[in-house]
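Okay, structure first, notes after.
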Amino acid sequence: MAQGDIVVANAYAIARNDDQQHKFQKALKHIGFEIKLKPFIQRSDGSAKGDWDVGITIDVLEHAADVDTVILLSGDGDFDLLLAKIKAKYQVQTHVYGVEKLTANSLINVADKFHPIDSSLLL
């Protein structure tokens, strides 16, 4: 069943020296995703940083006027404001894919359609 053309497909990751991550990124690139990487930052207290929220938000806002549907694969409730904004401003449909138990209710509620990720969607 045809569902339309993919205009932009971005995957966001942290640049690590990890063979499994490199294989996964290569597979995504092979099927048409642009892979966007940020450096992995190890803090002096042992914690790590590698957050893509602002980058994802900028990319979505940049392209929302040119599409009819935005699909977000995340469970992060911080994106509820983004989806509400693009729905109101650009009248786009919003779909969210996320692990149901790990996806914020606010994100599920704002999305036009929520697709729970379960074992049937995993490789």
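Worth pointing out:
- A Cβ distance below 6 Å, combined with a sequence gap of six or more or placement on separate chains, defines the contacts here; from segment 76-88, residues that are over 17 Å from Tyr12 (Cα atoms) and of a type outside the set (Asp, Glu) reach no residue that is outside any helix (DSSP H, G or I) and at pLDDT below 95.
- Residue ID - modelled with the lowest pLDDT, chosen from residues in segment 7-60 that are closer than 25 Å to Lys85 by Cα and of a type in the set (Ser, Thr, Tyr): Tyr12
- Sole residue being out of contact with any Ser or Thr (no Cβ under 8 Å at 6 or more places or on another chain), in the same structural domain as Ser120 (by TED's automatic domain parsing) and among the aliphatic types (A, V, I, L, M), chosen from Val92, Val96, Val60: Val60
Each row is one residue, and each column tells you yes or no for (1) acidic (Asp, Glu); (2) surrounded by 11 or more Cβ atoms within 10 Å (Cβ to Cβ).
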residue	(1), (2)
Ile41	no, yes
Ser44	no, no
Asp59	yes, yes
Leu72	no, yes
Gly75	no, yes
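The values are calculated or read from the model by the stated rules, or taken from the named source; none is laboratory data. Here the structure is a predicted model, which means the values were calculated and not measured. All Cβ positions, glycine included, derive from the backbone under ideal geometry; neighbour counts span all protein chains shown.
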